[in-house]
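Enquirer: A single structure is presented below for examination.
Read-outs throughout are calculated quantities, based only on the coordinates presented, and are distinct from any laboratory measurement. A quick note: this is a predicted structure, and the numbers were derived from the prediction, not measured. Using ideal geometry, Cβ is built from the backbone for each residue, glycine included, and neighbour counts are taken over all protein chains shown.
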Amino acid sequence: MAAVSTGEHVLAPVQQRGQAALGRLGLPTRKQEAWRLTNLSRLEAVARMPVNGVATASDAPPCLDGVVRLVLDGVNDPLEGVTLPEGLTPLEPKELELALGHTLDRCGSSDDWLVEFNHASAQQLLALRVRGTVPPLEITMAAASGLIPTRVLLVVEEKAQLELLQVFSGRGEAAHSHLMEVHLGQEAQLNHGVLACADGVAALFAQLAVEQEPRSTYNFTSVVQGWSLGRIEPRVVQVDGQASTTLKGLAVADLEQQLAVHTWVCFEGPDGELDQLQKCLAAGRSHTIFNGAINVPRKAQRTNAAQLSRNLLLSDRARVDTKPELEIVADDVRCAHGATVSQLQEDELFYLRSRGIGASDAAALLLRGACQEVVDRLPTHALAWRPLERVLAGLAS
């Protein structure tokens, strides 16, 4: 059994299709709604980067006890020298052929430009099956120069439970192209966190497709900071409904960085639940984007969905764009959404300063509180990475 498939095997036809698709599609344009606000010159620069699997020195801290760490660098076998715990096994080749791309199709994203971009260059696939309750898993995307394409396929069986943390780091002229598919069986539970911090120069594209069967629970928390161009796209479909989805996100941008979060959740049956909060902090001359789509067709009766976008402008030169999209056909639903854009509250700053706290320290405390609500939702073993400190250190002003 092998967790890594090279271009000589399963990924060879996928690569060919992706390369042909990119040749046919060209680069996205501002005429396409999904790309209207994107800095396309930066996107073009990433698209021209050579694939480079030479990893730089890792800054990963020691794992907490009991955590299984796998390292993806786009080339080397992440399972070499690793003993997987009971309940965590690589997919067999025949299983892999059947499962690869299935969830992308179900989520309607198999033809997206960034998905094809990953298809065209990815030579490595980590494909795992989860049975029962397994120890916490960490997948670290190794930093390197050039383009680092990685791909993960995760099958979480019925009633299985997993805590998963993915960590991306970027330094200098580097870019991550990451694609992940997750299938959650009935009554399965996945607590999934993404911690992605960079130095303000690197780029990050991360596409996620999740398929939930009835009575499954999916909790996703993303903390993204410091990417010159960053785009996170979680897409979730509740197959036959009766599932629970929680999406919590934090995007922190400074200088001239642009961070975008595009989410899509579709309920394909009754009694589904969604709790979504996206926070964006924009400083300097940065630009944050949030686009949250929710699809509730007629068969998704008794859906209970809530979406909230909360944004902080930390500079008069920063920019925030937020756009909820609710398509509701079912008539017996509870769906709520809201969006706010504000600055640090003067009354809160005054309260802290009146108690002897300096202006800069008062602002830092408020920023810490704004971030902590989401950061605390990351899987417990993210503490080893000191996520809150990393996020706050990235704010230059």
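Enquirer: Divide by every residue of the chain the summed helix terms, -39500 (n - 2.57) for each DSSP H run of at least 4, and state the resulting mean residue ellipticity at 222 nm, rounded to the nearest 500 deg cm²/dmol.
Expert: Helix-only estimate at 222 nm: -5500 deg cm²/dmol.
Enquirer: I want to check the label-to-label distance for H337 and L64. Put each point 7 Å from Cα in the C-beta direction and report it in nm to one decimal.
Expert: About 3.5 nm separates the two model spin labels.
Enquirer: Mind pulling the per residue volume of the convex hull built on the Cα atoms of the chain? Å³ is fine.
Expert: 139 Å³
Enquirer: Okay, moving on. How far is it, in nm, from the label point at Q186 to the one at V329 when both lie 7 Å from their Cα along the line to the Cβ?
Expert: Using points 7 Å along Cα→Cβ, the separation is 2.6 nm.
Enquirer: Continuing with the same structure: Work out how much length R302 to E97 would gain on full extension: take 0.36 nm times their residue separation and subtract the Cα-Cα distance, in nm to one decimal.
Expert: Length gained, R302 through E97: 70.2 nm.
Enquirer: Within the chain, how many lysine pairs that are 8 or more places apart, or on different chains, have C-alpha atoms less than 21 Å apart?
Expert: For the chain, the number of qualifying lysine pairs is 4.
Enquirer: I've got another one for you. Can you tally the net charge around L88? Count Lys and Arg as +1, Asp and Glu as -1, for every other residue whose Cβ sits under 13 Å from the Cβ of L88.
Expert: With Lys, Arg at +1 and Asp, Glu at -1, the neighbours total -1.
Enquirer: For the stretch 18-128, compute Rg over Rh where Rg is the Cα radius of gyration and Rh is the Kirkwood radius from the inverse mean 1/r over Cα pairs. Don't skip to the answer; put the middle values down first.
Expert: On the way: Rg = 17.7 Å, Rh = 17.2 Å.
Expressed as Rg/Rh, it is 1.03.
Enquirer: Continuing with the same structure: Could you tell me how many cubic angstrom of Cα convex hull volume the stretch 83-199 has per residue?
Expert: 116 Å³
Enquirer: How high is the relative contact order of the chain, given as a whole-number percent (alpha carbon pairs under 8 Å, six or more residues apart)?
Expert: 12 percent.
Enquirer: Give me the dipole magnitude in Debye, nearest 20, for the chain about the Cα centre, with unit charges on the beta carbon: positive for Lys and Arg, negative for Asp and Glu.
Expert: About 920 debye.
Enquirer: Could you derive backbone 3J(HN,Hα) for the stretch 248-258 from the dihedral phi with the Karplus parameters 6.51, -1.76 and 1.60 (θ = phi - 60°), listing whole Hz in sequence and x where the residue is Gly or Pro?
Expert: Here the 3J(HN,Hα) series is 10, x, 9, 10, 10, 10, 9, 6, 10, 6, 10 Hz.
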